[in-house]
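Let me begin by presenting the structure, written as structure tokens, before commenting on it.
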Amino acid sequence: DVVMTQTPVSLSVSLGGQTSISCRSSQSLVHSDGNTYLYWYLQKPGQSPQLLIYKVSNRFSGVPDRFSGSGSGTDFTLKISRVEPEDLGVYYCYQGTHYPRTFGGGTKLELK
Amino acid sequence: VQLVESGGGLVQPGKSLKLSCSASGFTFSSYGMHWIRQAPGKGLDWVAYISSSSGTVYADAVKGRFTISRDNAKNTLYLQLNSLKSEDTAIYYCNYGFAYWGQGTLVTVSS
């Protein structure tokens, strides 16, 4: 199985600040079709996860440009700039290239 | 797109439960669907997938105990949970197209 290692486990950030989350996979996430199926989700308390980024670097509809994704192969990063209160919650990376699908362990973003 | 799960509840270890996910707002029969779960206070855990042609894939933890199925005429996804264990206690979400999730249904396995 592909192990998704997310760091850090928790982050403390000031409003208006910038931060980043790392996600590393134990195998390349490049699919045989040439796409890299790496996704980023935010789960707010009591809610279902919401998609932020798909296929490494594409913002989903309605996601502000404060969120950006980058990376390739096995190393990926989510950057959040100008942090706002609604950005708080738990962030997960997710690989959709291999079965079984796997998630990172999550990164909790809190206010400093 | 709307996904609405139902069927969760309190069940004893070893018993069975069947979850449903009612889908609307897209052509259900054309797309694969996933079940993903989240134990209380824990992270997300992929459970199973069914393709548009009803091919299936399962996580090792549920293989042989859970069965994913679909009824395209009813736009409904199912998850049959058998031989339930305490570690199956979780909110179960259905998911389509990576972006769309239901609100989840809670399954609690306890005596």
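No value in this document is a laboratory result; all are computed from the given coordinates. These numbers were taken from a predicted model, which means no experiment stands behind them. Positions of Cβ are backbone-derived with ideal geometry, glycine not excepted, and every protein chain shown enters the neighbour counts.
Under 8 Å between Cβ atoms, which residue pairs at least 6 apart in sequence (or on different chains) link something in region A:60-82 that is closer than 21 Å to residue A:15 by Cβ with a partner that is acidic (Asp, Glu)?
That search, which allows pairs on different chains as well, returns A:66/A:84; A:66/A:87; A:80/A:87.
Considering only residues of region B:56-70 that are over 20 Å from residue A:1 (Cα atoms) and out of contact with any helix residue (DSSP H, G or I) (no Cβ under 9 Å at 6 or more places or on another chain), which is surrounded by the most Cβ atoms within 10 Å (Cβ to Cβ)?
This residue is B:68.
So in region A:11-41, with the set limited to residues that are part of a strand (DSSP E or B) and farther than 15 Å from residue A:108 by Cα, which one is nearest to the other protein chains (Cβ to nearest Cβ)?
Per the criteria, the residue is A:39.
What are the residues in region B:1-18 that are buried (at least 18 other Cβ atoms within 10 Å of the Cβ) and either outside any strand (DSSP E or B) or aromatic (Phe, Trp, Tyr) (or both), if any?
B:8, the sole residue that qualifies.
For region A:42-67, what are the residues that are part of a loop (DSSP other than H, G, I, E, B), facing chain B (nearest Cβ under 10 Å) and surrounded by 15 or more Cβ atoms within 10 Å (Cβ to Cβ)?
A:48, A:49, A:55, A:60, listed by residue number.
Restricting attention to region B:34-53, and to residues there that are among the charged types (D, E, K, R) and surrounded by fewer than 22 Cβ atoms within 10 Å (Cβ to Cβ), which single residue is nearest to the other protein chains (Cβ to nearest Cβ)?
Looking at residues that are among the charged types (D, E, K, R) and surrounded by fewer than 22 Cβ atoms within 10 Å (Cβ to Cβ), I get B:45.
What number goes with the only condition from (1) at positive phi; (2) surrounded by 15 or more Cβ atoms within 10 Å (Cβ to Cβ); (3) of a type outside the set (Ser, Thr, Tyr) that residue B:21 does not pass?
So the condition that residue B:21 fails would be (1).
Just to verify a result, which residue in region A:88-102, among those that are of a type in the set (A, V, I, L, M, F, W, C) and over 17 Å from residue A:72 (Cα atoms), is nearest to the other protein chains (Cβ to nearest Cβ)?
Of everything passing the filter in region A:88-102, A:90 is nearest to the other protein chains (Cβ to nearest Cβ).
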